[in-house]
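Any read-out appearing in this document is the output of simple, stated calculations on the displayed coordinates, not a laboratory observation. Just so you know, these numbers come straight off a predicted model, no measurement behind them. Glycine also receives a Cβ, built like all others from the backbone with ideal geometry; neighbour counts cover every protein chain displayed.
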């Protein structure tokens with residue numbers, strides 16, 4: 001059999017069996033819900049919801065059941081309303097919303113097996129076949145006739161689910177169970193669908209000799225029912241079967257028959273559409289009469305309420321005046337706060353420019369002095385002194401460059417122009433690269449550097465900003481360490497989400513007051529150990545802001561003459 005024709009047959013696989021038993025099920029539920037409406041006479045919205053549900057008016061059911069759920073605390077009636085809403089939404093093909101509504105029903109609900117049945121049917125519609133089987137299995141062996149559930153239809157739905165999962169043996173078992181029950185009861189309408197499903201089961205396995213007799217059976221049974229849709233389906237299936245047998249003459253006969261039934265079905269739909277139009281026309285006429293009465297009532301209400309609205313208008317004008325005055329006062333306070341903040345920022349800017357200018361002037365002056373010595377040394381050809389001065393010049397230039405680099409990144413951060421792109425970063429490799437960049441400074445002071453970070457740690461951060469943070473902190477550690485000191489990078493995995501990075505040195509350390517100054521937001525001037533070693537504090541402020549941008553934290557532990565420990569935390573790559 002061709003794939004095109006096969007999938008055409010499979011199109012009709014389970015749609016009818018999902019709907020075949022709902023009328024009898026709801027009949028029993030409607031009887032019980034009517035009793036509840038009589039017992040709780042004051043629950044008007046529930047009574048209306050029950051009435052519209054029984055009348056298959058799904059939109060009105062949804063409106064009145066929601067009104068009941070909004071105002072009522074009666075759990076028993078609320079379960080009925082959730083079922084009304086779930087069923088109505090499923091009829092309107094809003095399957096996900098229907099499932100959400102049904103899950104709100106308590107398991108003590110009298111008709112809870114119907115909830116599982118409807119959830120199974122919704123899962124079938126959503127092609128979630130494993131879930132459908134799970135729900136149907138819960139009611140597979142149900143013997144409570146009060147529920148009105150046909151066991152054969154549950155078997156058929158389970159069989160169809162297994163068929164879609166290509167579990168053919170299980171599908172065959174359940175479909176034949178359903179077939180055995182319906183053949184005893186001689187329910188032709190359901191048997192047609194069962195035979196079609198069994199035929200498709202065998203066609204899916206390319207067992208044409210087993211499939212075709214069931215298509216023929218469903219066709220013969222369709223002659224005994226007054227369902228144009230089933231007559232059309234079965235005759236169309238026979239046409240496809242004969243086409244695959246290369247018996248085109250018979251196929252043409254079946255094809256013509258199916259087209260006739262389709263025309264009859266379309267005519268029937270047209271009749272229903274005309275009847276529906278006539279019903280809507282009658283409703284529209286009634287609504288027009290109601291609107292005329294509403295207009296008359298509005299005119300009377302307008303005359304009666306004119307004085308009332310005039311009073312309301314005056315009150316609103318008065319309230320508006322008070323509100324505008326309050327807004328003016330509030331805006332004045334905001335402007336004053338903004339002015340104070342601007343003054344504070346300008347003072348910080350002036351302080352920063354003063355410090356940076358002083359540092360740059362000192363660096364340039366030192367470079368100038370050193371160059372003079374370098375020229376003199378060149379004349380004397382004192383190569384040891386020459387080498388010392390070159391190293392010294394390099395250090396001065398690196399310091400000035402670092403200051404300008406920090407100033408640039410600080411300015412970009414303040415104006416929100418710095419681009420951040422978070423990605424998975426191998427921490428060990430980044431630290432190795434930073435060590436390589438600072439190797440000359442480390443060797444100059446004979447400082448031992450250790451990278452104790454595990455090679456299995458990956459951080460989820462912006463690479464460029466992480467390098468800026470590590471460079472600044474390593475530069476500070478080198479600057480404030482004595483000769484033959486030690487600097488260590490290590491890491492601790494705090495939990496599944498964050499990792500600590502610890503930068504520890506054996507330098508001059510700092511007091512608690514200095515630590516508090518450094519951690520204070522916006523502090524630009526920081527001192528270390530003695531008053532001769534002064535920095536702008538800009539690099540550390542830049543570090544704090546970039547750590548924050550990367551969703552991290554920053555802490556300092558230190559004592560005078562006992563070294564410093566910088567503790568950073570960053571999110572790990574998940």
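Which of the peptides 449-462, 304-317, 244-257 is most tightly packed, and how do the rest follow, judged by the mean count of other Cβ atoms within 10 Å per residue?
449-462, 244-257, 304-317
Starting from the Cα of residue 342, step 7 Å along the direction of its Cβ; do the same at residue 187; then give the gap between the two resulting points in nm.
Computed distance between label sites residue 342 and residue 187 equals 8.1 nm.
In nm, what is the difference between 0.36 nm times the number of residues separating residue 223 and residue 511 and their Cα-Cα distance?
93.8 nm
How would you rank 140, 423, going from fewest to most other Cβ atoms within 10 Å of each one's own Cβ?
Ordered by Cβ neighbours within 10 Å, fewest first: 423, 140.
Could you give the radius of gyration (one decimal) and Dmax (whole number) of the Cα atoms in the stretch 421-571, in Å?
In order Rg, Dmax, the Cα atoms of the stretch 421-571 give 14.7, 44 Å.
Listing 422, 333 from the residue with the fewest other Cβ atoms within 10 Å to the one with the most, what is the order?
With the sparsest Cβ surroundings first, the list reads 333, 422.
What order do you get for 97-104, 234-241 when each peptide is scored by the mean count of other beta carbon atoms within 10 Å, highest first?
So the order, starting with the most tightly packed, is 234-241, 97-104.
Sorted by mean Cβ packing within 10 Å, highest first, what order do the peptides 567-574, 38-45, 155-162 take?
Peptide ranking by packing, descending: 155-162, 567-574, 38-45.
For residue 309 and residue 325, compute 0.36 nm times the residue count separating them, minus their Cα-Cα distance, and round to one decimal in nm.
3.3 nm
Given R₀ = 22 Å, FRET efficiency for residue 424-residue 492 by Cβ-Cβ distance, to 0.05? Walk me through the intermediate numbers first.
Values: r = 19 Å, r/R0 = 0.87.
Taking R0 as 22 Å, the efficiency between residue 424 and residue 492 is 0.70.
Return the FRET efficiency for the residue pair residue 332, residue 553: r is the Cβ-Cβ distance, R0 is 30 Å, and the value is rounded to the nearest 0.05.
Here the calculated transfer efficiency is 0.20.
Going 7 Å from the Cα of residue 28 toward and past its Cβ, which residues in the stretch 92-119 have a backbone nitrogen under 20 Å from where you end up?
105-119
Express in whole angstrom the spacing between the alpha-carbon centres of the stretch 182-201 and the stretch 307-338.
75 Å
With r as the distance between the Cβ atoms of residue 59 and residue 245 and R0 = 45 Å, compute the FRET efficiency 1/(1 + (r/R0)^6) and round to 0.05.
After rounding to 0.05, the efficiency reads 0.40.
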